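Since the structure comes first, as structure tokens, the remarks are kept for the end.
The values are calculated or read from the model by the stated rules, or taken from the named source; none is laboratory data. Since the structure is predicted, the reported quantities are computational estimates derived from the model, not experimental observations. Heads up, the Cβs are rebuilt from the backbone with ideal geometry, glycines too, and the neighbour counts pull from every protein chain shown.
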């Protein structure tokens, strides 16, 4: 690795700042409807993640292919956990027809995928890359320590992002932090991003079907 390890940590901090700013400006200040809010969210987060991938020279194909069966298993296990949480919340009538199809794609697949990449995969991956260059991941004690730091990084980015929403000011931010931490753990244990991406998508899709206006997993709510 020819990049300073601490620059990776600055990228993680940048992800948290970006997430907070998007939520604070477009949801907290401008109060955009959810469908419109996702436009700047998708554009800005995609640009950030693309820039990180280019800078870090990560092999995306290898990342996805390596241990992919474990990623599928992780998606099923950790996805079931977060879907169960969605179903424990009050239900709300779902949209019908083309509106439902749009919501499943926009709020379920697109929103879920970007959340997974920003909140779970990027912080965990960047942490692992940073400390791998220092040789910390060469032993099991080192791997456990780096894993703990990676989960902490994911939790911090998740907390920063959700604190930008008015609805998550105060103790209520603990619920999304915990839920996302579970999915980040799935990625860390399986070493495959499928675990986090598909569990996030499952969570968002189930929230669309169970109640757009009553499930906390689909902010913003006004």
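Just to be sure, is residue 94 closer than 14 Å to residue 193 by Cα and either over 19 Å from the mean Cα position of the chain (by Cα) or surrounded by 13 or more Cβ atoms within 10 Å (Cβ to Cβ) (or both)? Working first, answer last.
Values: closer than 14 Å to residue 193 by Cα: no; either over 19 Å from the mean Cα position of the chain (by Cα) or surrounded by 13 or more Cβ atoms within 10 Å (Cβ to Cβ) (or both): yes.
No, not satisfied.
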Query raised in the report: For region 14-23, which residues satisfy the criterion of being surrounded by fewer than 17 Cβ atoms within 10 Å (Cβ to Cβ) and touching a residue at least 60 places away in the same chain (Cβ under 8 Å)?
Result: 17, 21
Query raised in the report: Here are some conditions: (1) out of contact with any helix residue (DSSP H, G or I) (no Cβ under 9 Å at 6 or more places or on another chain); (2) surrounded by 12 or more Cβ atoms within 10 Å (Cβ to Cβ); (3) over 30 Å from residue 2 (Cα atoms). Residue 26 meets all but one. Which one does it not meet?
Result: (1)
Requested in this report: Output the residue which, of all residues in region 29-44 that are part of a helix (DSSP H, G or I) and touching a residue at least 40 places away in the same chain (Cβ under 8 Å), is surrounded by the fewest Cβ atoms within 10 Å (Cβ to Cβ).
Outcome: 35
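Suppose we filter 112, 170 for residues that are under 20 Å from residue 50 (Cβ atoms) and either out of contact with any helix residue (DSSP H, G or I) (no Cβ under 6 Å at 6 or more places or on another chain) or touching a residue at least 60 places away in the same chain (Cβ under 8 Å) (or both); which single one remains?
Working: 170 fails: under 20 Å from residue 50 (Cβ atoms).
The match here is 112.
Test residue 146 against the stated conditions and say whether it is crowded, with 18+ Cβ neighbours inside 10 Å and either at positive phi or in a helix (DSSP H, G or I) (or both). Give the steps one after another, and end with the answer.
Working: crowded, with 18+ Cβ neighbours inside 10 Å: yes; either at positive phi or in a helix (DSSP H, G or I) (or both): yes.
So residue 146 fits the description; yes.
Just to check your reading of the model, which residue among 152, 160, 195 is within 21 Å of residue 131 (Cα to Cα), over 11 Å from the mean Cα position of the chain (by Cα), modelled with pLDDT of 95 or more and part of a helix (DSSP H, G or I)? Break it down stepwise before answering.
Details: 160 fails: within 21 Å of residue 131 (Cα to Cα); 195 fails: within 21 Å of residue 131 (Cα to Cα).
Sole residue among the options that is within 21 Å of residue 131 (Cα to Cα), over 11 Å from the mean Cα position of the chain (by Cα), modelled with pLDDT of 95 or more and part of a helix (DSSP H, G or I): 152.
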